[in-house]
1. For Lys212, tell me the accessible area in Å² from a 1.4 Å probe, rounded to the nearest 10.
2. Heavy atoms of the protein only, probe of 1.4 Å, neighbouring chains included. What is the accessible area of Tyr107 in Å², nearest 10?
3. Cα extents of the stretch 482-553 along the three principal axes, largest first, in whole Å?
4. So for the chain, taking the charge dipole from beta-carbon charges (+1 Lys/Arg, -1 Asp/Glu), which of Gly54, Ile489, Gly137 sits furthest toward the positive end?
5. Return an integer: the convex hull volume of the alpha-carbon atoms of the stretch 284-354, in Å³ per residue.
6. What dipole magnitude, in Debye to the nearest 20, does the chain give about its Cα centre under +1 on Lys/Arg Cβ and -1 on Asp/Glu Cβ?
7. With a 1.4 Å probe and all protein chains kept in place, how do Phe360, Phe549 rank by accessible area, largest first?
8. Put +1 on the Cβ of every Lys and Arg and -1 on every Asp and Glu Cβ in the stretch 107-183; which of Thr112, Asn151, Ala126 then has its Cα farthest towards the positive end of the dipole?
Amino acid sequence: MRKILHPALCLIVGTCLAPLPGAAAVSEEERAAAEGTAEAVPSDDRQPVAEGTGGAVATVDPDASRTAIEILRRGGNAADAAVAAAATLGVTEPHMTSIGGGGYLMYYEASTGRIHSLDARESAPAAMREDSFMENGTPIPEDEIVTSGLNVGVPSVVHQWATILRTFGTIPLRQALRPAIRVARSGFLVDAEFNAQTALNQDRFADISSAKDLFLPGGRPPPVGSVFRNPDLARTYEELARHGAAWFYRGPVAQEIVRTVKHPPVEPSGGRRVRPGLMAARDLAGYRTLSPSPTRSRFRGLEVYGMPPSSSGGTTVGEVLAILSAMDAPSDRVEALHRYLEASRLAFADRERYIGDPDFADVPVSELLSPGYARERACLVGPAAMPYPVAPGSPDGSYQPCQAPGTASSASPSAEGGHTTHLVVSDRWGNVASYTISLGEIGGSGLVVPGRGFLLNSQLSGFTFDPSAGGPNLAGPGKRPRSSIAPTIVLRDGRPLFALGSPGGTPIITTVIQILLNRVDFGMPLPEAVAAPRAGQLNLPVTLAEPGFIEEYGSALTARGHAFEPPPWAPWPLGAATALEFLDGNRVLAVAEPTRLGGGSALVVRP
């Protein structure tokens, strides 16, 4: 396994797993093979940029994007298309999302001009306690928690889909699921990313009988260029379409989920210890999607709306932008990037100290986003990088002149899964969805519900493991672990200007901020703003950075005291964003990644 210089990185991003030495080579060989046999297999015809009218979508996957466009062309709206695309991603991106996970939605409702948020973060079972991740007085090793029933939160995305369609949609769930059922039955083209994600999980999938049966036919990951079918998931979706969301939470499948969590289907010959979880049927039956007020902050005359707690996405994105707004104009790009990194360092210190499930903690959202607090934090930013770790501030409403930045005695970041998936959709009526759905780790918990064709999430490792660390993010019955998911919608003069978001664990936040800075402050066209190399400072000893960023800015920023290191899940990048920009004449520019994770898929109804 690749050595990680700073163990704190493993904690805050939730994984230090990297592909086995042979996996990357196999991926490259199979990528080349796929390119050489493009005529022999179905084309995925992905394109990262599209512009037009009548509705738009950007996802990481061509099948999901085509699903959304199909729904829009048949008269569905952005809510309908978002659910249908998410269900399809559960087929084609099963390591990143499934009906065994959860998600966060930001939705602009054109008829009212309001922005709504829907929190479907997985919740802890009623039997969970602060010390549930402890054994013999010490935290269970994070890599052992990941592949376990103990790490599985109540699957929540199905409840969210029903809520989205009931609140904003125009079609029933059974209609939204039809395209995904079709893809699950007929299959889809295995690309290099699917193969690499399976290879990354090969050892643990081989130790879970249901995961091995699904993802390792013949004992190996499906080769690039093959067609992957999931008839078990097709049947599960068909039953869900017939019976509705209540069936998932109170019917036979709920019992099957509980049985999988409490009695993981471990291969006896594998020798892997897979701890049972605490979930009970009543935990699923009692799950509810929440609709808290979104966060709102101002940046360069724009209104930035984000996801409120239980996610830290909206507060941390908003705080960084507020700190940058409190400073005068930077002299050059290097100065601007230095300030961005320092503002992120400060905001992440506050994130760790103050953000948790608001039903169990008093989260000072309005103060964290207030101009007075931003000025107090901004005056700590000097010409050189601050020492690690920066101490949190005091968002108490009483703000003082500049003082020297303090340092915390230690940093105790909680773990968080390194990947998920994000989509953006708009429709001809002007509704907009920015939607992030997740399993946590790549491959979630590694537990596939037998006969159902989907992985269960690994989201409870988002809690702080050690009760002695304190803070608002300790585990507890019914609590939702803190997330960094940051679906974002930006308005100008009350109308949508941008919708964006990204996967990527904790650096989701910095990815969203950097895209906004690239577009708004640096004047990059949106496709360039998304494609540009990234870096994220998470109040850690080093800044996570992609090679292109280090090559372009590393020397100048190192001279200011910054240190850089690739993300611990390399070769996977920092995020895989999707975004929309609303242009004149009802035109929409849809943008996905051109190369990260093999590139995404952007489509419009009428080019």
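The values are calculated or read from the model by the stated rules, or taken from the named source; none is laboratory data. Since we're looking at a predicted model, the values are computed, not measured. Neighbour counts are summed over all protein chains in view; Cβ atoms, including those assigned to glycine, are modelled from backbone coordinates with ideal geometry. With ligands, DNA and RNA removed, areas are computed over all heavy atoms of the protein, side chains included. Shrake-Rupley method; radii C 1.70, N 1.55, O 1.52, S 1.80 Å.
1. 70 Å²
2. Accessible surface of Tyr107 is approximately 0 Å².
3. 40, 32, 17
4. Gly54
5. Details: hull volume 7.5 nm³, N = 71.
Taking only Cα atoms, the stretch 284-354 has a hull volume of 105 Å³ per residue.
6. Details: 52 positive and 61 negative charges, 286 e Å.
Once rounded to the nearest 20, the dipole reads 1380 debye.
7. Working: Phe360 110, Phe549 0 Å².
Of Phe360, Phe549, the descending order of accessible area is Phe360, Phe549.
8. Thr112
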